[in-house]
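Below is one structure, written out as structure tokens; comments come after it.
The values are calculated or read from the model by the stated rules, or taken from the named source; none is laboratory data. Being a predicted model, the structure only gives us computed values, none of them experimental. Methodologically, a virtual Cβ is constructed for each residue, glycine included, from the backbone with ideal geometry; neighbour enumeration extends over all protein chains shown.
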Amino acid sequence: MVENAWNSTNTGLDVTVPVESDTTLKNGWIQVWTKVGNNAFEKLGDSTTIANSDVGTDKVISFTSEQVEAITGFTEEDSIYIKAVMNDRPGNETVGTESSSRLLIDETPPSIISVSYESDFSDSSLATVGHVVTLTFETDVEIQTPSATISTQNAIISDLGSNRWSASYEMQDGDTEGVIPFQIGTLTDSRGNPTEGTSSTTDGTIVTFDNTKPTLSSVKIVSNNADSLWAKVGDTVWVNFEANELLRSDSVNINILNKAATPYSIGTGGWKLFFRQTAPTYLTKEQWRLWNVESPDSDNYSILNTIEDNMRGLDGKFEFKIIWP
């Protein structure tokens, strides 16, 4: 119920009429009159008898929403005006003054314009323990303070002004991993009209909670020496490892002989087929560098985009090595 407004939730109207302490009013009657906007006053419902117990009190007369919405000219954003006419037992009539308050007709619920979701992590679509996840949404009209949950927990609500709100929550150790659910509760505008909230964004943004540390399924060290288990001055040494999930580049720190190495990703997933030169004179070093475009300093293997007949060894066979990148 919102004062001085007729909204979509109203089921009836109560009109309060003061009855003076005058015994001649007993068994008299009251007729409520109403109008919308500049229309003429008309009767609202039937007249009501004044009982003995009503004398000297404020009598409440009730009407249904159907009666109210049937008033001539009932229109959105217009106003309802009310007055009462009282008759005593002898038939003397007193016309009351028009009510000092009016009812503004507004039955239109608010609408959600936009909803967006992000975390304060460098990748705003990911979060772990301690990261703050924020839901930002905007409505078309002013609303009452809303409620929202993030990861099924009550979020902190902030009014950003201009019909924009935010809900935030700091992820905790016990929260469920995966896409973080949220729910904006029922939204109610300043005149009391409700609309359902939402659990989805308008821009497709999501935030995923990951509280599991990554693991390395394989780690190996090789060099570009003819014997990859050895290295001499000028050779390049690689530490190859595979994680069970995507890693941040700034979280990878590798030291070889107590010196920092430069980490780089060689991609995720899928097998790759490598070609190995089987005779030292098969391709010159420069020719080999052209084949081995992804790692031109390697002397051993090259990623194959195509298989050509001239890649056969002296025995007429191909030699392949399948590795997981």
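Scanning the stretch 133-155 for residues that are in contact with a Ser or Thr (Cβ under 7 Å, 6 or more places away or on another chain), assigned to a loop (DSSP other than H, G, I, E, B) and surrounded by fewer than 18 Cβ atoms within 10 Å (Cβ to Cβ) yields Asp140, Glu142, Gln144. The single condition among (1) small (Gly, Ala, Ser); (2) exposed (fewer than 15 other Cβ atoms within 10 Å of the Cβ); (3) modelled with pLDDT of 95 or more that Gly197 does not satisfy is (2). For the stretch 50-73, a residue qualifies if it is closer than 23 Å to Ser190 by Cβ and surrounded by fewer than 17 Cβ atoms within 10 Å (Cβ to Cβ), and the qualifying residues are Ser65, Glu69. Screening Ile82, Ile143 for residues that are among the hydrophobic types (A, V, I, L, M, F, W, C) and more than 31 Å from the chain's Cα centre (by Cα) leaves exactly one candidate, Ile82. The residue list Thr198, Thr202, Thr176 contains one member that is under 23 Å from Asp123 (Cα atoms), in a loop (DSSP other than H, G, I, E, B) and in contact (Cβ under 8 Å) with a residue 60 or more places away in the chain, which is Thr202. The number of residues in the stretch 1-21 that are part of a loop (DSSP other than H, G, I, E, B), loosely packed, with under 14 Cβ neighbours inside 10 Å and over 41 Å from the mean Cα position of the chain (by Cα) comes to 2.
Applying the criterion of at least 1 residues that are touching a residue at least 24 places away in the same chain (Cβ under 8 Å) and closer than 27 Å to Asn193 by Cα to the strands (runs of 3 or more DSSP E) found wholly in the stretch 41-109 leaves 58-64, 79-87, 103-105. Among the residues making up the stretch 1-57, a single one is under 17 Å from Ala70 (Cβ atoms), out of contact with any Phe, Trp or Tyr (no Cβ under 8 Å at 6 or more places or on another chain) and among the β-branched types (Val, Ile, Thr): Thr11.
Among what's in the stretch 22-37 and is part of a helix (DSSP H, G or I) and among the β-branched types (Val, Ile, Thr), pick the residue that is farthest from Asn52 (Cα to Cα). Of everything passing the filter in the stretch 22-37, Thr24 is farthest from Asn52 (Cα to Cα).
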